[in-house]
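This report concerns only the one structure given below.
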Amino acid sequence: MSSEVMKAAEEFDFSEELLIEIMKRLPIKYILRCRSVQKSWYRLLRSPYFISIHSRYQYSLNRYILCHNRHYNYFFLCFDDKEHYRLRFPEEMDDGFRHMGGGNVESVYDTCNGLICLSYNRMLEKVFLWNPALRVFNVLPDSPIPDPVPVRIIRPDSTSQKKNKKNKKIIPRDYLIPPHDPTTLGLAFGYLAKTNDYKIIKYEECSFEVSVYVYTLSTDSWKTVKKLGRCPCYKLSNSVFVNGVAYWVASMDNSRESEKAIVCFDMEKDTIREILLPPPYSKNNVGSDVLVQKSNFGELLSLFYFDRSTYILHIWVLENAGEPNEAWTKKKSLNFKPTWWPMGFRNNSEIVLKDCRKFLSYDYEKNEAGDIFYDDSMYPFCQDVNRFEETLVLLDVNRQA
């Protein structure tokens, strides 16, 4: 924005309503310049009220796609016009990020409304909130750390079983498993409209005991909300936040052919539960890929069920979530090419696909696919994509990325 335009703006006494309507449409770099026009603008453009309005409007535009390269640990930000560029981790954040890459795929991240929550390993020794548009970041305080303890497991001994075939007695043997450090099974980052606040949910296992911790941005603090006992699953992946509830796809063991279910945590009720997949797959979902997304059919949880044997993508939505009449409803079944791999929703009726070394945007209503971008360095290391938008959240953080 030129100095002539800023001087002209000073001569007009805009109403607050009109100013908000204008400013919410501007890229962040222009909003930052407009703060110096006059004091009333400065106060308005830094207020939580305007930041919330600006975030909602930018989210509705749905112009950007964020891709994460797990192998080399950087992000790609893609625009509607196929232009894209890298968002490298800020060098000032932590040495752990600078020394990652070369095959380290254990970084953990999630994104919401233009903020990226990330850590460089599954122990989450350090967690960061990063705003790439403002080039600022915040280091979160340490979360509660449980004391690792040894675990005693009693199980039948195979040698003893062979010796006692005649009387069919099984002699148990104690096994003492040494303690190990906490491991984060799942991370979710989301926005609660009711409180206009951001929260991070950490689903953590330590010595086979699982706990849930919640971080709140407004208080900059963690709290322990649940201790769940023995770990019910191997890991959680692909988190999504819908209407104050975090959802993960849960794998029951450490294999690609693992049975899957959905685990969800309600931020308002502080309750966690398991949701079975839609009836056709609830008992037999081996040989498939399951992805949860925020639905394009409204504020609902959407499930992508991709059958690798038939190359058919089934799209379901969870209606009346958390209510007695909660139920899955199938919306679409799409026949894909063998080289297509579903990554997530883009907007309206468009799905982001990975096709060999390209990323496509597929409109299932028109049955049309168009290139988003092509980049050798992203394939095959990009495993997920997310919607992204600019935001003014973390405006008061002083550390520059």
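The values are calculated or read from the model by the stated rules, or taken from the named source; none is laboratory data. Computed from a predicted model, the values in this text were never measured in an experiment. Virtual Cβ from ideal backbone geometry, glycine too; neighbours counted across all protein chains shown.
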query = What number of residues within segment 118-141 satisfy the criterion of being part of a loop (DSSP other than H, G, I, E, B) and modelled with pLDDT of 85 or more?
reply = 5
query = Identify, please: which residue in segment 24-78 is among the aromatic types (Phe, Trp, Tyr) and in contact (Cβ under 8 Å) with a residue 24 or more places away in the chain and is, among those, surrounded by the most Cβ atoms within 10 Å (Cβ to Cβ)?
reply = Phe75
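Within segment 324-339, is there a residue that is in contact with a Ser or Thr (Cβ under 6 Å, 6 or more places away or on another chain) and in a loop (DSSP other than H, G, I, E, B)?
We begin by selecting, within segment 324-339, every residue in contact with a Ser or Thr (Cβ under 6 Å, 6 or more places away or on another chain); these are none.
So far as segment 324-339 goes, no, none of its residues is in contact with a Ser or Thr (Cβ under 6 Å, 6 or more places away or on another chain) and in a loop (DSSP other than H, G, I, E, B).
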request  = Considering only residues that are touching a strand residue (DSSP E or B) at 6+ places or on another chain (Cβ under 6 Å) and modelled with pLDDT of 75 or more, look in segment 277-294 and name the one that is farthest from Arg387 (Cα to Cα).
outcome  = Pro278
ask   = Scanning for something touching a Phe, Trp or Tyr at 6+ places or on another chain (Cβ under 9 Å), assigned to a loop (DSSP other than H, G, I, E, B) and more than 29 Å from Glu274 (Cα to Cα), does segment 356-363 turn up at least one residue?
value = yes
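Assess whether Val240 counts as being modelled with pLDDT under 80 and in a strand (DSSP E or B). Outline the logic, then answer.
Numbers: modelled with pLDDT under 80: no; in a strand (DSSP E or B): yes.
Judged against the criteria, Val240 is not a match.
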